[in-house]
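Shown next, in structure tokens, is the structure this report addresses.
The values are calculated or read from the model by the stated rules, or taken from the named source; none is laboratory data. All of these numbers come straight from a predicted model, not from anything done at the bench. Here Cβ is always computed from backbone atoms with ideal geometry, including for glycine, and neighbour counts include all displayed protein chains.
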Amino acid sequence: MKHSLFDRSLLPPARCEFLLLSDTHYMLDVGDRPLEFESRRQQSRRAGVAFALAAALEPDFAVHLGDLVQEYPDTPDFATALDQALEQLRASSLPVRHVAGNHDVGDKPDTTMPTHPVDARALDLYHSRFGPSWYSFDRDDLHFVVINSQIMNTGLIQEDEQQSWLEEDLSNHAGRRLFLFLHMPPFLWHPDEPHLGHYDNLGEPARTWLLDQVRRHRVEMLFAGHVHFPFYDQVAGTRQVILPSTSFTRPGFGHLFTSAPPPEQGRDDAPKLGFYLCRVLDDRVDLHLIRTSDATELDSTTRLLTPTPAAFPNAPLGITLLHPLAPSTEIPLAWPSTIRQPVRNDYPFLSLLELGATGVRVPWTDFEQPLQLRRLSMLRAEGLQIQAFGPAPDELDLHHLLDAHPACADAWELQLPGSPWPTNHHLEQFRDCGRRTPLALSTIIPGERVSGKQHPRTRIGYRPDELPELDRRLGEAATSVDAVLCRLDGDDGPWETARDLSAATSLSHIGRIDWLLTLPGEDDRRNGLLAAEALFAVTLTPGARLYLDPLIDLDRTMDVRHGLLDTLCNPRPIFHAFRCLNPLLREFQNTHLAPAEREIDQLRILQLASAAVSISLLLPEDPLALPEELFTPGIHLYRLHRGTVEQPESPHQLHIDGPSLLIDRR
């Protein structure tokens, strides 16, 4: 059987698949010459790995969004670097279409920019090697358009030619799904942001003209590079996606994070490197980030590709956003820009999409902040459900909140302060407002003693033993709620808690049980085992969702905790464990599977089984060999924390070093 570097089995069928790479910056060998940044020596090999991975995906086509080489057109070694970069690309057999970048033809026409602007000579050289720098092509009813951002606002005759061509091309393809590719993004923060001295956007008046064309012709997606950091935005329904680089990150953007600076002053934040797989479906385009990180050699392990939230809306994984969805700042005035650049941290947003989370809990006060509200609405458009929560004092007027924030949330969660029991006023609100929106119920109970803490803590969520009494009180008041949120605590064991509750008496006035899990500390191994157990246990309570926090590390609070992302918004192993386990379990959500638990050689095993399938979650305290009795021919072993899958031919020398899933289809 042919070995594949990618497993697509969890993805829905697509009409078309294409790849987007950007800013590969092929670097000539400089030998032992000292460099300002040592990571420059790795750029070419990192690009080579990216091209090899991209080719292994066997796309219908690929688009390189510019900056193929590190040299500039007016440097002595430019032609040599370009020859070697194209040879590397040809060797990968990746079918690539090219976009002109500033390292390919020259900088945008801004007298503050650090390099020579594009001119007719550089443009002629590019066209002689690559063909026209503005062109279009089709695939069925999909129309793909490439333009040269570098010549905009130059006054060159080619700018007028491109402008006339683009207006005509878009008009001639009205009614088709349109995709636009360019190197320089129109904007980062806002369409009206300044452009003189701003290294990362199109200048005026070309920016306004281009965005008018995008709006008028309802372009579905706009893709750009140049920034070396991913960003996401929408313009009148058009999704604007800015790609990461495969070779290095841009230092100034490290100011987005509340952390120590990344390596090399922010230039070598390698976990952020990668490219996108774009899968076109009938009603949407799914974006999959293929992380290349600091790899300089190709790894033959099979990577598991996982769905986006829109592909499986009822999956059980949700996240409680303790941090704002969209932190923002201004990048200090520093080279290569000569102004401060307002910028937004889109990593939390994009990480939720990559993770495949299908719901988030947010404080309802986020709806009163225009930036957060706009980003949350975009998150909903990407397939996530928003559950707004907040304290519910006895004088709460929920109707007022619903009137003030119409269509902002998919559900509202009322947190009863000080007591798990609703008052008569609360019950009246449930009866009345439950007709307008799904309602969930939670609690805020202070004074919970926690071992090792100086002060008692506040509990959010019900204990399972409180549910029968809550259900009784709701019944007496002839009302009900759609969901109740319960705590899953590491000390009690998520598996045992969920199993005991599923075997208890049914609840007649509570629609479903959702679970809250807070990661307990800074031990990534323990967090990973606990979180995998919790998500696996959720399958025992039909229709339930697990809300996990924190998404991002808390490192300066009374309760320091690691999250799914570190303070640089780079994934911890638990991120990949959740990304993989969430869709793997979805297939079995509505299947009756008998739960079991056992231990073999200090390997804890949680199991769900029927006559047709056995699903085993392996939770090793320490690395160990796979017990032979767990092996059967044809099993699939998913190393969740690594995001990989394999079909072992024998158990010999097969080691388990983190939460893993065995699926045995009998």
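Observations on the model:
- Hits in the stretch 326-353 - residues which are surrounded by fewer than 19 Cβ atoms within 10 Å (Cβ to Cβ) and among the acidic types (Asp, Glu): Glu330
- Among the residues listed as Asp553, Asp482, Asp514, the single one being more than 27 Å from Arg598 (Cβ to Cβ), of a type in the set (Asp, Glu) and without any contact (Cβ under 8 Å) to a residue 24 or more places away in the chain: Asp553
- Selection count where residues are more than 23 Å from Asp346 (Cβ to Cβ) and either part of a loop (DSSP other than H, G, I, E, B) or in contact with a Cys (Cβ under 8 Å, 6 or more places away or on another chain) (or both), scope the stretch 538-592: 17
- Of the strands (runs of 3 or more DSSP E) that lie entirely inside the stretch 283-336, those containing 1 or more residues that are of a type in the set (Ser, Thr, Tyr) and either touching a Lys or Arg at 6+ places or on another chain (Cβ under 8 Å) or in contact (Cβ under 8 Å) with a residue 40 or more places away in the chain (or both) span 302-304, 317-320, 328-331.
Every residue, every condition in (1) crowded, with 23+ Cβ neighbours inside 10 Å; (2) polar (S, T, N, Q); (3) more than 30 Å from Asp60 (Cα to Cα); (4) not assigned by TED's automatic domain parsing to the domain that holds Pro336, yes or no:
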| residue | (1), (2), (3), (4) |
| --- | --- |
| Leu196 | no, no, yes, yes |
| Tyr199 | yes, no, yes, yes |
| Leu210 | no, no, no, yes |
| Arg215 | no, no, no, yes |
| Gly225 | yes, no, no, yes |
| Arg239 | no, no, no, yes |
| Ser245 | yes, yes, no, yes |
| His255 | no, no, yes, yes |
| Pro261 | no, no, yes, yes |
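- Residues that are touching a residue at least 40 places away in the same chain (Cβ under 8 Å), of a type in the set (Val, Ile, Thr) and crowded, with 20+ Cβ neighbours inside 10 Å occur at least once in the stretch 613-627.
- Residues that are within 20 Å of His288 (Cα to Cα) and either more than 18 Å from the chain's Cα centre (by Cα) or of a type outside the set (A, V, I, L, M) (or both), drawn from the stretch 238-259: Thr238, Arg239, Gln240, Pro244, Ser245, Thr246, Ser247, Phe248, Thr249
Rundown of residues vs (1) among the hydroxyl-bearing types (Ser, Thr, Tyr); (2) buried (at least 20 other Cβ atoms within 10 Å of the Cβ), yes/no style:
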| residue | (1), (2) |
| --- | --- |
| Leu355 | no, yes |
| Arg374 | no, no |
| Glu382 | no, no |
| His400 | no, no |
| Pro420 | no, yes |
| Thr423 | yes, no |
| Glu428 | no, no |
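- Residue in the stretch 568-577 that is hydrophobic (A, V, I, L, M, F, W, C), closer than 30 Å to Leu441 by Cβ, surrounded by fewer than 23 Cβ atoms within 10 Å (Cβ to Cβ) and in the same structural domain as Lys453 (by TED's automatic domain parsing) present: yes
- Residue check, Ser44 surrounded by fewer than 19 Cβ atoms within 10 Å (Cβ to Cβ) and either closer than 24 Å to Met152 by Cα or among the hydroxyl-bearing types (Ser, Thr, Tyr) (or both): no
- Residue match in the stretch 227-238 (condition: farther than 30 Å from Thr112 by Cβ, of a type in the set (S, T, N, Q) and at pLDDT 95 or above): no
Residues checked against (1) at pLDDT below 90; (2) among the hydroxyl-bearing types (Ser, Thr, Tyr); (3) surrounded by fewer than 16 Cβ atoms within 10 Å (Cβ to Cβ):
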| site | (1), (2), (3) |
| --- | --- |
| Ile460 | no, no, no |
| Pro468 | no, no, yes |
| Thr497 | no, yes, no |
| Thr505 | yes, yes, yes |
| Asp514 | no, no, no |
| Arg545 | no, no, no |
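- The residues of the stretch 508-529 that are out of contact with any helix residue (DSSP H, G or I) (no Cβ under 7 Å at 6 or more places or on another chain) and assigned to a helix (DSSP H, G or I), listed by number, are Arg525, Arg526, Leu529.
- Scan of the stretch 79-108 for residues that are in contact with a Gly (Cβ under 7 Å, 6 or more places away or on another chain) and either surrounded by fewer than 16 Cβ atoms within 10 Å (Cβ to Cβ) or within 18 Å of Gln43 (Cβ to Cβ) (or both), ordered by number: Gln88, Gly101, Asp104
- For the condition more than 21 Å from Thr567 (Cα to Cα) and acidic (Asp, Glu), Glu330 does not qualify.
- Of the criteria (1) modelled with pLDDT of 95 or more; (2) surrounded by fewer than 21 Cβ atoms within 10 Å (Cβ to Cβ), which one Arg556 fails: (1)
- Any hit, the stretch 147-165, residues being at pLDDT 95 or above, within 20 Å of Cys278 (Cβ to Cβ) and touching a helix residue (DSSP H, G or I) at 6+ places or on another chain (Cβ under 7 Å): yes
- Of the helices (runs of 4 or more DSSP H) lying entirely inside the stretch 26-105, those containing at least 1 residues that are within 25 Å of the chain's Cα centre (by Cα) and of a type outside the set (A, V, I, L, M, F, W, C) are 43-56.
- Selected residue (only one of Pro205, Pro186 is touching a helix residue (DSSP H, G or I) at 6+ places or on another chain (Cβ under 6 Å) and either within 20 Å of Val241 (Cα to Cα) or at pLDDT 95 or above (or both)): Pro186
- Any hit, the stretch 590-598, residues being free of Cβ contacts under 8 Å to residues at least 12 places away in the same chain and surrounded by fewer than 17 Cβ atoms within 10 Å (Cβ to Cβ): yes
- Residues in the stretch 628-647 that are surrounded by 17 or more Cβ atoms within 10 Å (Cβ to Cβ), part of a loop (DSSP other than H, G, I, E, B) and of a type outside the set (A, V, I, L, M): Phe631, His641, Arg642, Gly643.
- Close pairs (9 angstrom Cβ cut-off, 6 or more residues apart or separate chains): under 21 Å from Ala326 (Cβ atoms) in the stretch 560-574, in a helix (DSSP H, G or I) and hydroxyl-bearing (Ser, Thr, Tyr) anywhere: Leu564/Ser351; Leu565/Tyr347; Leu565/Ser351; Leu568/Tyr347; Cys569/Tyr347; Cys569/Ser351; Asn570/Tyr347; Pro571/Ser351
- Considering residues of the stretch 599-612 that are of a type outside the set (S, T, N, Q) and outside any strand (DSSP E or B) only, the residue surrounded by the fewest Cβ atoms within 10 Å (Cβ to Cβ): Ala611
Yes/no per residue for (1) surrounded by fewer than 19 Cβ atoms within 10 Å (Cβ to Cβ); (2) closer than 30 Å to Leu196 by Cα; (3) among the charged types (D, E, K, R):
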position	(1), (2), (3)
Asp77	yes, yes, yes
His116	yes, yes, no
Asp124	yes, yes, yes
Pro132	yes, yes, no
His143	no, no, no
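- Here the strands (runs of 3 or more DSSP E) wholly within the stretch 130-213 that include at least 1 residues being β-branched (Val, Ile, Thr) and closer than 20 Å to Val118 by Cβ are 142-146.
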